[in-house]
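The values are calculated or read from the model by the stated rules, or taken from the named source; none is laboratory data. Quantities reported herein were computed from a predicted structural model and do not represent experimental measurements. Every residue, glycine as well, gets a Cβ built from its backbone with ideal geometry; the counts of neighbours run over all protein chains shown. Please note that ligands, DNA and RNA were not included when accessible areas were found on the heavy atoms of the full protein model with its side chains. Shrake-Rupley method; radii C 1.70, N 1.55, O 1.52, S 1.80 Å.
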Amino acid sequence: MRLTAETPLPSSIPQPAYDRSAQAAGIVHIGIGAFHRAHQAVYTDDAMGAGDRDWRIVGVSLRSGDVAAQLNAQDGLYTVGVRSAAGSELRLIGAVQRVLVAPDDPQAVIDAIAAPTTHIISFTVTEKGYLRGPDGALDLAAARESPSLYRFVGAGLAARKAAGLPGLTLLSCDNLAGNGAALKALMRQYLAAEHPGLVGWFDAACRCPATMIDRIVPATTEADRAAVEAALGARDEGAVVTEGFSQWVVENDFAGPRPRWEAVGAELVSDVAPYETAKLRMLNGAHSALAYIGLGAGHVFVHQAIADRAIRPLIDRLMRDEAAPTIDAAPGQDLALYADALIARFANPALHHRLLQIAMDGSQKIPQRWLETLAWHQARGGRCPSLEAAIAAWIAFLRSDCPIDDPLADRLRGAVAGPDAVERLFGEGGLIASDWRPEI
Ligand code: CS2
């Protein structure tokens, strides 16, 4: 039996505390993968449970029809399983109204963005989904030719302006440095080329707040779905599993209404930068290092790599001695405690988080995770032994027979083929734009 709105569920499983069918959709979310379903959709479900209205989510997939097939047959319902050493807790999430597949029905996506009830377009399209060239500017050809976020948002905003509707908040929830400002600059570049008449309206009527998003969400496996089925008594193809921890820091700069996410655990602040920088350089920086060093040592999962006595001290140093000093902490932000908490989260044995999942797209992740830290120390005459070891491990990974899932895969393989790999990756005119100059 498949999970649907009609499925009777065990009373031990918490269910949406609001009338789903009475809620309009207020959010269009582009890139509805596992992360969104375990993070923003949960905060939004909680906000509606606490009394907010009309914030259901229209999910959009830019490429694959998989999530639409999983969720539309289930009336948008799915479970989130929280895994800790103490066991697993399931709850049912009702925030998603439906999922659209952009290449199959582009007009439906444009209509959803242009709907009068829509106030927010949010994004988890991963680092590569922003289609930035090596200089950080938009790769306009890619943005025009692919089913990019820019094409749908550009057309949707044009329709809103033509209909005399208010602007929108564009909320980037990806691990980019300065994600709000980056999205704004890239979107403006696209509009200037494709909808020049919209740029002034975009500047005046739309907002792109920065966010720091954090929850570890491994890809769901068949074993996870089987465990959910046993607990639920119904098959949930859209199930996601995650850790208990969740954090969301959002710049309070919206174009119009928004859910009261701050009433359900999110932090609405005026400056996200200290949280975002700490998260990228400490959590994500350590994650990528664990991935390449851990795979090199023969590990499969994050909790195994962090338990390795040869690896853990290196990760500790990376966070505490290399990344933390580069961060201008906000009042009350304790980076030593943050590092302690991260080590405990990585060690969670109930979360089978594959190192290979983190290893993908290294060319898109490494600049904001490692290179800014390396450049900071270099400018002060210092070195970063842990990050240098991580770079050596990335190169070893690129040279190994592990599958390389990266938009620059072929060029990376070419760059690391010879003895001058570090130089060809990070040197003057190298493949990865960097302020850090290798001295390895
Ligand atoms: C990870 C992140 O896959 C990766 O690159 O580092 O997805 C990480 O799990 C999240 O950012 C945690 O919030």
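Structure summary
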{"quantity": "Qualifying residues in segment 304-329 (those that are open to solvent by 50 Å² or more (accessible area, probe 1.4 Å) and in a helix (DSSP H, G or I)) - the one farthest from Arg380 (Cα to Cα)", "calculated": "Gln304"}
{"quantity": "Candidate set from segment 1-33 (those that are of a type in the set (A, V, I, L, M) and surrounded by fewer than 19 Cβ atoms within 10 Å (Cβ to Cβ)); member that is nearest to Lys128 (Cα to Cα)", "calculated": "Ala24"}
{"quantity": "Those residues of segment 231-246 which are open to solvent by 40 Å² or more (accessible area, probe 1.4 Å), under 22 Å from Thr4 (Cα atoms) and not small (Gly, Ala, Ser), in sequence order", "calculated": "Arg235, Glu237"}
{"quantity": "Filter result for Phe301 (surrounded by fewer than 17 Cβ atoms within 10 Å (Cβ to Cβ) and within 13 Å of the ligand (Cβ to nearest atom))", "calculated": "no"}
{"quantity": "Filtered residue count, segment 330-357, keeping only those that are open to solvent by less than 20 Å² (accessible area, probe 1.4 Å) and in contact with a Gly (Cβ under 9 Å, 6 or more places away or on another chain)", "calculated": "1"}
{"quantity": "All positions within segment 348-390 that are small (Gly, Ala, Ser) and within 14 Å of the ligand (Cβ to nearest atom)", "calculated": "Ala359, Gly362, Ser363, Ala390"}
{"quantity": "Residues (assigned to a loop (DSSP other than H, G, I, E, B), touching a residue at least 60 places away in the same chain (Cβ under 8 Å) and in contact with a Gly (Cβ under 8 Å, 6 or more places away or on another chain)) located in segment 42-84", "calculated": "Asp54, Trp55, Leu62, Gln74, Leu77"}
{"quantity": "Residue within segment 42-61 that is within 24 Å of Ala350 (Cα to Cα), surrounded by 15 or more Cβ atoms within 10 Å (Cβ to Cβ) and of a type outside the set (Lys, Arg) present", "calculated": "yes"}
{"quantity": "Segments classed as strands (runs of 3 or more DSSP E), wholly inside segment 205-293, with at least 3 members that are in contact (Cβ under 8 Å) with a residue 12 or more places away in the chain and within 16 Å of the ligand (Cβ to nearest atom)", "calculated": "211-214, 240-242, 247-251"}
{"quantity": "Segment 391-410: number of residues that are within 15 Å of the ligand (Cβ to nearest atom), farther than 19 Å from Gly298 by Cα and open to solvent by 30 Å² or more (accessible area, probe 1.4 Å)", "calculated": "1"}
